[in-house]
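Since every read-out is calculated from the coordinates, none of them should be taken as a lab result. In this text, all values refer to a predicted model and were calculated from it rather than measured experimentally. Note that each Cβ is placed from the backbone with ideal geometry, even for glycine, and that neighbours are counted across all protein chains shown.
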Amino acid sequence: MRFVRSPEFRVWVLIGAAALGIVLPGVVVTLGSSARAGVTLEERKLPMRFTWVACRPDCRGWVSAIGIVTADSLKDFDEFARGRQLGGATIVLDSSGGSVNDSIALGRRWRNLGAMTTVGISVETHTAQGNRADVAPEAYCESMCVFLLLSGKTRYVPEAARVRVHQIWMGDRADDAKAASYSAQDLMIVERDIGRLAKYTFDMGGAGDLLSLSLSVPPWEDLHELTRDELRLTNLVTTDAVAEVLPRNDGAGPTPVAALQAKPVQDRFVSSPADTDAIAQTVKSTKTAEAMVPTGGVATAPAK
């Protein structure tokens, strides 16, 4: 779960939130379009965007959250939520993770709203009767996204979704972690952030097994994909019924779950220096972790 900053990532952001030069206005894509499906995969690596997906009259709609968590994500969500009644809403995640402290702050905000969480990609299909919104289950929730998933009071993970975890590490040394050197200050930062993450995990009702599984996978290994048994062991899943997080208004069952192929993404989350400490219920935004798509290049240290 490697989150560091690279020149390539900064260029993507400066392009104007465009993945490979093509990004839809939201996360809703047309089912069956492989080109647009690829765009959605790239959006997972960009700063997190929030979109309200309406599916009236069949269901009550949901929040689609796609991309990585940055220092701006909590502010962006609060702006998105302004004027909307989001209490008890469902949040559908497709994310490569992001900043440790900012993910914790965002997760606490969602818990305060009584939100429900799941993993998926919002899909819009065009029919003779009009547009129809569904959820494609073949999505990814990796690294700190897993802890956002944990923030839901009710949590559902479809069979086709991929939930993957990795260790905390120093962001400017994750590309060659074995060869790097580390100071006592570095160790303090990592241990501090593990403590913050542990408190959050238990506050959200997660099990210590989630931390154990995450922290046992070093940055030079592939992310560990949680099995169905591990999803239950870690308490990431609280229900096996999709209708509990995506109910219909007409009583005809859950919102349809569509099929959409997705490619693996291997990002990790890491720790890096920060000047501020977490407070009891709301973690202040810091530069504890940054995010990038692995490029094989030399990582640069996050800004302090």
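Before moving on, here are some points about what is shown:
- Beyond 20 Å, the tail of the calculated P(r) for the stretch 151-256 holds 52 percent of the Cα pairs.
- Couplings 3J(HN,Hα) of the stretch 158-167, computed from phi: x, 4, 7, 6, 10, 10, 9, 10, 7, 7 Hz, in residue order, whole Hz [Karplus 6.51 cos²θ - 1.76 cosθ + 1.60, θ = phi - 60°; x for Gly and Pro].
- Extent along the principal axes, Cα only, for the stretch 143-192: 41, 22, 11 Å, with the longest axis given first.
- Protection proxy ranking for 43-52, 174-183, using the average of other Cβ atoms within 10 Å per residue and placing the highest first: 43-52, 174-183.
- The 3J(HN,Hα) values that the Karplus relation (6.51, -1.76, 1.60; θ = phi - 60°) gives for the stretch 89-105 are, in residue order, 6, 9, 10, 9, 9, 8, 8, 8, x, x, 4, 4, 5, 6, 5, 4, 5 Hz. Gly and Pro appear as x.
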